[in-house]
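See structure below.
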Ligand code: 5GP
Ligand code: ZN
């Protein structure tokens, strides 16, 4: 447990939360400030600040449970015409709580939520630029 971490406090029963799911590896509870009703967070039970600190087995479990909760949302009476899975890794990506978590956000037409794109988004990069980025990543992956 990381002192000062609100999600560790919730997992330890020292802070209130509306729990949805719990197993040995991960837990899921309702977001306190939902984008839409039914917005759930899936978190590792052991504190991990970000993707780099998260072991891959727990990462797999987070996705598996997120997928199951998404299916449960669709089956439920919560309004959901679509769902976004969203994970912010790092402050620049919008991470506010540094105990990594996957958002499961029910979506519907005109709910007012969306991603904002930068001014250059409409200008597609040249193939050479995409190939360059792909090469940089292949070099790191060894592929
Ligand atoms: P982030 O911006 O880090 O991806 O998302 C953090 C999320 O945690 C936000 O959606 C925020 O509403 C939620 N959150 C922050 N504090 C609490 C809390 O004390 N309890 C719960 N259930 N959610 C919280
Ligand atoms: Zn924590």
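No lab work stands behind these numbers, since they all come straight from the coordinates. Computed from a prediction, not measured in an experiment: that's the story for all the values here. A quick note on method: Cβ atoms are made from the backbone with ideal geometry, for glycine too, and the neighbour counts reach across all protein chains shown.
Here are a few things to note about the model shown:
- Bins of 10 Å, starting at 0 and running to the largest distance - Cα pair percent for region 20-135: 12, 37, 30, 18, 3
- Each of 21, 121 has some number of other Cβ atoms within 10 Å of its Cβ, and from fewest to most they run 121, 21.
- Cα-based helix-to-principal-axis angle, 127-141 vs the chain, degrees rounded to 10: 50
- Springs between Cα atoms under 10 Å define the GNM used for the chain, and in it the highest mean-square fluctuation of 24, 126, 52 occurs at 126.
- Distance between modelled label sites at residue 110 and residue 33, nm, 7 Å Cα→Cβ extension: 2.6
- With contacts taken as Cα pairs under 8 Å and at least 6 residues apart, the chain reaches a relative contact order of 22 percent.
- Top of 127, 61, 75 by mean-square fluctuation, Gaussian network on the chain, Cα under 10 Å: 127
- Label positions at residue 143 and residue 74, each projected 7 Å from the Cα along the C-beta direction, are separated by 2.6 nm.
- Cα long-axis angle, helix 56-75 against the chain (0 to 90 degrees, to the nearest 10): 70
- Percent breakdown of C-alpha pair distances by 5 Å bin, ordered from the shortest bin, for region 68-143: 3, 11, 13, 12, 17, 18, 13, 9, 4, 0
- GNM remark for the chain: springs join alpha carbons under 10 Å apart, and the peak mean-square fluctuation among 100, 32, 69 falls on 32.
- Residue 92 versus residue 132: modelled label distance in nm, points set 7 Å from Cα along the beta carbon direction: 1.7
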